[in-house]
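Undergrad: One structure follows; several queries about it will come next.
The values are calculated or read from the model by the stated rules, or taken from the named source; none is laboratory data. Bear in mind that the values here come from a model prediction, so they are computed numbers and not experimental data. Quick reminder, even Gly has a Cβ in these numbers, built from the backbone with ideal geometry, and neighbours come from all protein chains shown.
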Amino acid sequence: MTTPEARALDLRLLPSALMCWAATVFGIQFGWRAALWLAVGMAAVAALAAGIGVRAGVRDRLRREDPGPAGGRAARSGSGVRVTVSAGMLAALLVGAGFAVAVAAREHAAAAHPLAAVAARGGHANVTLAPVEDPRPVRSPSGDTVLIRATLRSMEIGGAEVEVGGTVVLFAPAEGWRDLLPRQRVRLRAEVGTPLRRDLTVAVLRAGGPPRSVAQASWAQRAAGLVRQRFAAASAAALPPDPAGLLPGLVVGDTSALPTGVRDDFTVAGLTHLTAVSGANVSILIGAVLLVLRALALGPRTCVAVAAIALVAFVIVARPSPSVLRAAMMGAVGLLALVTGRRKQAMPALGAAVIVLLAVAPALAVDFGFGLSVAATAALVLLAPGWAQGLRSRGWPRTVAEAVAVASAAHVVTAPIVAAMSGTVSTVAVLANLAAAPVVAFVTVVGALAALGAAAWPPLGELVAHAAGPPLWWLLWVARRAAAVPGATVSVPSGPVGAAVVAAAMLALWAAVRARRVRWLVAAAVLGLAAVWVPVRVVWPGWPVGDWVLVACDVGQGDALVLAAGGGAAVVVDAGPDPGPVAGCLDRLGVREVAAVVLTHLHADHVAGLPGVLRGRRVQELVLGPMRLPEYRFRQVRGQAASAGVSVRTARAGEQLRVGRLTMRVLGPTLPAPRDPADGADAANDQSLVLSVDTDVGRVLLTGDVEADGQRDLLRDGAPVRADVLKLPHHGSRTTTPEFLRAVGAGLVLVSVGAGNTFGHPNPGVLEEIRRSGATVARTDLSGDLAVSRSGGGATAISHRRRGTIVR
């Protein structure tokens with residue numbers, strides 16, 4: 001039965017907002033021509049709908065000429081419903097068509113941009129741009145690169161300076177760039193490349209040095225920078241490193257000092273939204289301002305004016321990037337629902353916010369953060385009140401019922417989006433958010449006061465920051481405990497498939513909760529699973545072995561190896577043919593920080609799983625060999641790394657890499673790379689990186705897919721291939737030579753190979769050659785994930801996940 005409150009909801013703007021969103025996404029993804037055809041189609045459907053509505057109105061008028069009292073009332077009622085539905089659909093179609101035309105114009109402008117022509121031929125350009133947000137450090141061991149999103153102001157064409165617009169992404173050395181402020185004009189010469197993804201970006205720029213000239217920032221931006229700097233300094237002076245890095249993130253989204261471990265714990269626990277500028281920040285801060293103003297008995301107009309000034313000041317201090325502007329709009333909508341309790345007005349406000357934001361910044365349509373903000377706000381308005389009322393009707397205390405309803409509703413509607421974005425779903429997010437909720441508002445308000453105090457007088461800011469210590473300790477404890485729960489995250493396919501799977505699971509769970517009999521069955525199933533899962537995963541986990549040094553992941557017909565680099569970090573060498581298996585292997589190992597990803601060569605069975613390594617983990621660097629063929633695969637890998645904020649470097653024979661406690665020597669490739677791209681596919685195997693790694697189990701030789709010619713060239717060059725553990729080249733194909741195996745002389749040989757593969761790998765003759773040497777052979781197709789560790793007396797032990805343990 002529909003409640004009066006539910007009937008009061010005004011959803012008239014919802015179809016228009018969704019239609020605008022869909023039209024914008026379609027145009028961005030499929031180009032301006034497709035967007036124009038979509039606009040034509042939507043206009044045609046709108047005309048058809050209008051015609052149907054007119055004909056229905058004429059019939060109703062004829063019917064009303066002499067219908068009788070009862071018939072007149074029925075006709076009038078039917079006409080009202082029909083005309084209302086037709087008008088709502090007509091408005092949505094027409095507005096959507098307008099947005100399709102608008103995004104087509106923007107897409108065409110981006111495609112015809114003069115900088116796009118430079119990007120297509122891979123040249124350089126002199127440009128002037130203005131950052132829209134702070135330079136963001138790219139995660140690399142050296143920490144010397146930043147990523148900057150900016151708008152173009154002008155570029156040099158034919159020796160003349162021409163004013164242009166458009167959005168670009170810039171990668172630059174930190175030196176000379178890290179201190180830039182938003183809207184600060186910068187002149188530079190940069191290498192121009194094609195966009196990394198379809199989001200209306202004109203080009204990707206790469207600067208090799210500092211900017212040629214930097215204009216002075218506005219006084220407002222300089223003041224905001226000073227506030228942030230003093231706030232961070234006051235936090236560092238008053239608090240230990242972990243809470244000191246967390247407090248600026250909670251208040252103004254400044255995570256530059258947030259330790260890696262804390263960042264990872266918050267990600268796994270589903271608390272990342274606390275360390276980014278979100279609608280919750282705005283709601284809490286502006287809500288606190290309004291409460292103070294009301295306590296002072298100020299009039300409504302004064303309250304609105306002061307709150308508006310506070311909102312603008314917050315946006316400037318937190319940086320007016322698209323994400324902050326989106327959070328300000330969504331926070332204002334959430335505040336409307338929270339403070340007034342008038343849900344009828346909140347949904348039109350949300351719909352209007354979506355339409356306005358997409359009109360101003362169409363790229364938000366393909367931004368995951370925008371989708372999360374809108375979905376969470378809609379859940380607060382549509383689902384949370386009803387769920388809270390249902391819990392209260394079952395005897396739950398009001399405060400607890402509302403907290404559970406808000407956390408659950410937000411998690412249910414955002415889980416499919418998170419799955420599409422990262423390929424993971426947090427199983428502890430609701431409980432972690434419930435535990436964190438009581439202190440978030442306090443920390444946010446105290447942090448804001450500390451920022452204001454530090455701006456006025458730094459010792460005052462330090463004094464106020466001390467008060468945030470206990471609640472910050474609680475947040476850190478909650479995140480750490482939640483992240484440590486076995487199975488805290490579940491891996492799912494990323495993209496639309498993962499979103500669909502999670503959405504279906506959430507719908508099934510919702511249906512189960514509503515049906516009493518099904519509830520009992522679900523509860524029994526959960527208890528049964530817990531009875532098995534808890535003892536196996538918590539009491540007797542079994543995997544991974546505690547002192548593993550090297551793990552060959554079972555990723556099918558491909559390579560993915562993990563080396564322990566110390567401090568909880570790992571080095572991943574190759575990523576397998578699919579993201580799911582390598583992500584699962586890393587999750588089972590508990591790897592959340594990857595010091596480096598090394599891709600030996602660019603064949604799909606070694607690189608196609610790269611997204612499974614990047615998502616949900618802090619990855620510092622991507623290392624490639626000198627060969628860039630096949631070119632389309634190189635562009636794909638480079639784009640994935642850039643999207644994750646990971647720097648890319650090239651390793652060549654003769655180099656030595658120090659990664660954590662590992663020393664990695666690059667032995668190959670030593671054969672010259674082909675000059676003709678047509679020969680790239682055939683030569684790629686012999687152009688594999690060959691690495692000799694010193695570990696706790698001795699020297700490990702990782703060979704990629706190097707074949708006979710490459711192996712012979714290594715031996716001719718006198719490369720030090722002798723090793724204790726060998727990753728057999730090319731999945732054990734027949735191209736491995738006996739002389740190479742004898743020169744390596746490994747006592748343990750790992751074969752990364754897919755069960756039932758059609759290539760005949762591993763070759764029986766190669767396996768027989770290894771066994772004659774007395775070495776132990778371990779295969780992923782027979783044993784699954786293989787872990788190499790130290791055992792007593794310095795021997796090497798191999799553990800695997802399928803059939804017991806082999807000890808050498």
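Undergrad: Filter the range 233-253 down to residues that are out of contact with any Gly (no Cβ under 9 Å at 6 or more places or on another chain) and surrounded by 14 or more Cβ atoms within 10 Å (Cβ to Cβ), then give me how many there are.
TA: Final tally of qualifying residues: 5.
Undergrad: OK, next. Please go through the range 391-407 and give me each residue that is of a type in the set (Gly, Ala, Ser), without any contact (Cβ under 8 Å) to a residue 24 or more places away in the chain and under 20 Å from Val440 (Cβ atoms), ordered by number.
TA: Ala401, Ala405
Condition check ((1) buried (at least 22 other Cβ atoms within 10 Å of the Cβ); (2) touching a Gly at 6+ places or on another chain (Cβ under 8 Å); (3) hydrophobic (A, V, I, L, M, F, W, C); (4) over 23 Å from Val439 (Cα atoms)) across all residues:
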residue: Val374; (1), (2), (3), (4): yes, no, yes, yes
residue: Thr377; (1), (2), (3), (4): yes, yes, no, no
residue: Leu380; (1), (2), (3), (4): yes, yes, yes, no
residue: Leu383; (1), (2), (3), (4): no, no, yes, yes
residue: Gly390; (1), (2), (3), (4): no, no, no, yes
residue: Ser393; (1), (2), (3), (4): no, no, no, yes
residue: Thr399; (1), (2), (3), (4): no, no, no, no
residue: Glu402; (1), (2), (3), (4): no, no, no, no
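Undergrad: Which of (1) in contact (Cβ under 8 Å) with a residue 40 or more places away in the chain; (2) under 21 Å from Leu624 (Cβ atoms) is the odd one out, the single condition Pro720 does not satisfy?
TA: Going through the list (1) in contact (Cβ under 8 Å) with a residue 40 or more places away in the chain; (2) under 21 Å from Leu624 (Cβ atoms), Pro720 breaks only (2).
Undergrad: Select from the range 230-279 the residues that are closer than 23 Å to Gly567 by Cα and charged (D, E, K, R) and list them in ascending order.
TA: Hits for the range 230-279 are Asp242, Arg263, Asp264, Asp265.
Undergrad: I want to confirm something. Restricting to the range 162-182 and keeping residues that are over 26 Å from the mean Cα position of the chain (by Cα) and modelled with pLDDT of 85 or more, which single residue is farthest from Gln221 (Cα to Cα)?
TA: Among those that are over 26 Å from the mean Cα position of the chain (by Cα) and modelled with pLDDT of 85 or more, it is Val162.
Undergrad: If I ask for residues that are over 22 Å from the mean Cα position of the chain (by Cα) and among the hydrophobic types (A, V, I, L, M, F, W, C), which ones from the range 248-292 would you list?
TA: Val282, Ile284, Leu285, Ile286, Ala288, Val289, Leu290, Leu291, Val292
Undergrad: A further question on this structure: Can you tell me which condition Val619 does not meet? The list is (1) in contact with a strand residue (DSSP E or B) (Cβ under 7 Å, 6 or more places away or on another chain); (2) among the hydrophobic types (A, V, I, L, M, F, W, C); (3) surrounded by fewer than 21 Cβ atoms within 10 Å (Cβ to Cβ), and all the others hold.
TA: In the conditions (1) in contact with a strand residue (DSSP E or B) (Cβ under 7 Å, 6 or more places away or on another chain); (2) among the hydrophobic types (A, V, I, L, M, F, W, C); (3) surrounded by fewer than 21 Cβ atoms within 10 Å (Cβ to Cβ), Val619 misses (3) alone.
Undergrad: Continuing with the same structure: Among the residues in the range 258-267, are any surrounded by fewer than 14 Cβ atoms within 10 Å (Cβ to Cβ), modelled with pLDDT under 85 and of a type in the set (Gly, Ala, Ser)?
TA: No, because not a single residue in the range 258-267 is surrounded by fewer than 14 Cβ atoms within 10 Å (Cβ to Cβ), modelled with pLDDT under 85 and of a type in the set (Gly, Ala, Ser).
Undergrad: In the range 459-482, how many are over 15 Å from Ala437 (Cα atoms) and part of a helix (DSSP H, G or I)?
TA: Here the count works out to 11.
Undergrad: Mind counting the residues in the range 646-672 that are in contact with a Lys or Arg (Cβ under 9 Å, 6 or more places away or on another chain) and over 12 Å from Met627 (Cβ atoms)?
TA: 10
Undergrad: Read through the list (1) farther than 24 Å from Thr272 by Cα; (2) free of Cβ contacts under 8 Å to residues at least 60 places away in the same chain, then give the number of the only condition that His606 fails.
TA: Here His606 clears every test but (2).
Undergrad: Residues that are free of Cβ contacts under 8 Å to residues at least 40 places away in the same chain and either touching a Pro at 6+ places or on another chain (Cβ under 8 Å) or closer than 27 Å to Ser647 by Cβ (or both): which helices (runs of 4 or more DSSP H) entirely in the range 204-296 hold 1 or more of them?
TA: The qualifying helices (runs of 4 or more DSSP H) are 219-238, 241-252.
Undergrad: Here's a follow-up. Being assigned to a loop (DSSP other than H, G, I, E, B) and touching a helix residue (DSSP H, G or I) at 6+ places or on another chain (Cβ under 8 Å) is the filter here; which residues of the range 297-317 pass it?
TA: Across the range 297-317, the qualifying residue is only Leu298.
Undergrad: Across the range 559-594, which residue is modelled with the highest pLDDT among those that are in a loop (DSSP other than H, G, I, E, B) and on the phi > 0 side of the Ramachandran plot?
TA: The residue in question is Asp574.
Undergrad: Right, something else. Counting only residues that are modelled with pLDDT of 85 or more, give me the strands (runs of 3 or more DSSP E) lying completely in the range 742-808 with at least 1 of them.
TA: Ranges flagged: 748-751, 776-779, 786-790.
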